[in-house]
Amino acid sequence: MNTTIPTPPSADALGVSAAQARNAVLEELIHQNPGRFRVLTGDRPTGRLHLGHYFGTLHNRVRLQDLGVEMFVLIADYQVLTDREVADNLAGHVEELVLDHLASGVDPARSTIFTHSAVPALNQLMLPFLSLISVAELSRNPTVKDEIAHSRQSAVSGLMFTYPVHQAADILFCKANLVPVGQDQLPHLEVTRTLARRFNDRYGDGDAVFPQPDALLSSAPLLLGTDGTKMSKSRGNAIALAATADETARLIKGARTDSERRITYDPANRPEVASLLLLAALCLDRTPQQIADDIGSAGAAALKRTVTEAVNEFLAPLRARRSAYARDRGYLRQVLREGNARAAAVADATLTEVRTAMNSRT
Ligand code: TRP
């Protein structure tokens, strides 16, 4: 199959198999005692979230929250500047992210939603952390290397090079011990673990100031966009959670398929058809094979009708909640204000501990 997706770093380079092995143990522990976990998770505010995000991350966040795990949801506004010079419409994008989370079921009474630019003490942790990692280590990070190779910027900024350290501050300010991530984020989590260990060794005086957080690897299958490449806002191939039913229908109608009439689930040889089947299956809580069997030789048009209906029906309640929240800007601002205040209190306490450990408190 001819594809335009650039080769990502190999699973081996990212440390995928070790994380996978650890996942089963972690899930068991979460079910036994959700109260011993604190999750930090987040996204960069670059626009509305889409179905790939929903099944990849949002859905899992709500699951963990509802199991009783304490959760911090970061809107990583400073991180937007890693691969672009200007963060367009930042306040608008932050609001879209809050809306997508509330509509999906993240409950601000139980989970803390915040932006990192509103939490000064979090950002200050970056300075001691930067002193604990070498330039050589920073330059070996396979995900950063990959992003630099595909960056649309002419020069690599200092922030691009050091944002994994910033991410360590994002995670460690609240002493999160569990971070749900996709494969590409595993090297960053390794940086966080390394920094936590080095800080404890150098300044902990026998006590661990920071936990060494575990990655909880996302098990969601990769959804392709309507053009057969990775679903992504910037490619115009993504079905936004906030899209209308008509926009959704139009996007799916234009989706790429192949010329074979009989619909089969064959991800290796028919990736576009398989991804549409998978999308319907996720929305209908069935298997892609069952849906393929139902459609049989009715062809791509029937497949697209099935997918459109499944997606629109699945998203209808979420979309209704989303527009209700969107009409209440005062509430949105309150959610962020309270989340930021809660995160700032936690960050202040951690920074005080850090300064005490480093002997820099007078
Ligand atoms: N890098 C993540 C992304 O682009 C967002 C992020 C920022 C993050 N800080 C984090 C994720 C800390 C997990 C932990 O999606």
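When segment 102-132 is limited to residues that are within 14 Å of the ligand (Cβ to nearest atom) and either touching an Asp or Glu at 6+ places or on another chain (Cβ under 7 Å) or in a helix (DSSP H, G or I) (or both), the one that is farthest from M358 (Cα to Cα) turns out to be T115.
Quick check: anything in segment 111-124 within 19 Å of the chain's Cα centre (by Cα), farther than 17 Å from T82 by Cβ and open to solvent by 30 Å² or more (accessible area, probe 1.4 Å)?
no
Against the definition (closer than 24 Å to H59 by Cα, open to solvent by less than 20 Å² (accessible area, probe 1.4 Å) and either not in a helix (DSSP H, G or I) or not assigned by TED's automatic domain parsing to the domain that holds L97 (or both)), how does L303 come out, yes or no? When the stated conditions are applied, L303 does not pass them. Checking the structure you have, find out if any residue of segment 84-92 is assigned by TED's automatic domain parsing to the domain that holds P164, among the β-branched types (V, I, T) and surrounded by 21 or more Cβ atoms within 10 Å (Cβ to Cβ). No - not one qualifying residue is present in segment 84-92.
For V16, are the conditions met, namely being open to solvent by 40 Å² or more (accessible area, probe 1.4 Å), β-branched (V, I, T) and either over 20 Å from G339 (Cβ atoms) or within 16 Å of the ligand (Cβ to nearest atom) (or both)?
no
Scanning segment 346-362 for residues that are surrounded by 12 or more Cβ atoms within 10 Å (Cβ to Cβ) and either out of contact with any Cys (no Cβ under 8 Å at 6 or more places or on another chain) or not assigned by TED's automatic domain parsing to the domain that holds F210 (or both) yields D348, A349, L351, T352, E353, V354, R355, T356, A357, M358. Select from segment 166-185 the residues that are away from the ligand (no atom under 11 Å from the Cβ) and either buried (at least 20 other Cβ atoms within 10 Å of the Cβ) or not basic (K, R) (or both) and write down the one among them that is modelled with the highest pLDDT. Checking each candidate, the answer is N177.
The values are calculated or read from the model by the stated rules, or taken from the named source; none is laboratory data. Source: prediction; values computed, not measured. Cβ coordinates were reconstructed from backbone atoms using ideal geometry, including for glycine residues, and neighbour counts include every protein chain displayed. SASA here: full protein model, heavy atoms, side chains in, ligands and nucleic acids out. Shrake-Rupley method; radii C 1.70, N 1.55, O 1.52, S 1.80 Å.
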